[in-house]
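Accompanying notes for the structure given below.
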Amino acid sequence: VIYYDNAMSSYIDLKFINDVSGRLNQFKKKTDYLFNFRCPHCGDSKKSKTKARAYLYRVKNDMFFKCHNCGQGQNFANFLKFVDPTLYSQYILERYKGSAPATPTPKFDFKPTKFKDQTILDDLKSISDLPEDHPARLYCIKRKIPKKYFDILYLCNKFMTLVNKVKPNTYKVIKDHPRLIIPFFDTTAKLFA
């Protein structure tokens, strides 16, 4: 992990303060890390064009903006974003290039879900085991399902009863009916739906 050093960030801040200074009215450098100008947010005094009550100043190793007229205060990056969005984009790239900590590769600790051995299909007839003229088999043919899949498709004569075996109280069994069952298998060929 590489972090930008303090001297470099101050240098970059000063470089961009110098770049934006031409857009700030009455801009003056007071000391190495103190700058005075008219506030771009409120425009400072309406009566006097010479009043300049906005400042850029350093706290620890970061530059901040403060206007003593409107009270606006923000870090230098947000100030720059307000004054010149294009210059702000360059500033962010310059200030933080190589400084962002490398995102560690996430460690996935997946434990395979354990399914109990499903025997629910053992009680059902596969479509391939049905007679050629059976309505369920004819339905699959009419739907143009390839015959090679008939051994993994099943007929359930009492669908609601079957569902209630797997998940009790899902249906009130009033009039049960047959359905075609299309099972879903995981990559290890275990039934999961």
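The values are calculated or read from the model by the stated rules, or taken from the named source; none is laboratory data. The structure displayed is predicted, hence computed values, not measured ones. In this analysis, Cβ positions are derived from the backbone assuming ideal geometry, glycine residues included, and neighbour counts consider all displayed protein chains.
So that you can scan it fast, the table gives a plain yes or no per residue for (1) among the basic types (Lys, Arg); (2) at pLDDT below 85; (3) touching a helix residue (DSSP H, G or I) at 6+ places or on another chain (Cβ under 9 Å):
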position	(1), (2), (3)
135	no, no, no
138	no, no, no
141	no, no, yes
149	no, no, yes
153	no, no, yes
160	no, no, no
165	yes, yes, yes
172	yes, no, yes
Handout entry: Neighbours by Cβ (under 6 Å, 6+ apart or cross-chain): first from the range 56-71, part of a loop (DSSP other than H, G, I, E, B); second of a type in the set (D, E, K, R)
Key = 68/53; 69/44; 69/53
Practice task
Hey, could you check the range 160-179 for residues that are among the aliphatic types (A, V, I, L, M) and either under 39 Å from the mean Cα position of the chain (by Cα) or loosely packed, with under 12 Cβ neighbours inside 10 Å (or both) and say which is farthest from residue 120 (Cα to Cα)?
Solution key: 174
Exercise for the section: For the range 153-175, name all the residues that are closer than 17 Å to residue 135 by Cα and not aromatic (Phe, Trp, Tyr). Expected result: 153, 155, 156, 157, 158
Fill in the blank from the handout: All conditions in (1) in contact (Cβ under 8 Å) with a residue 24 or more places away in the chain; (2) touching a helix residue (DSSP H, G or I) at 6+ places or on another chain (Cβ under 7 Å) are true of residue 26 except (2)
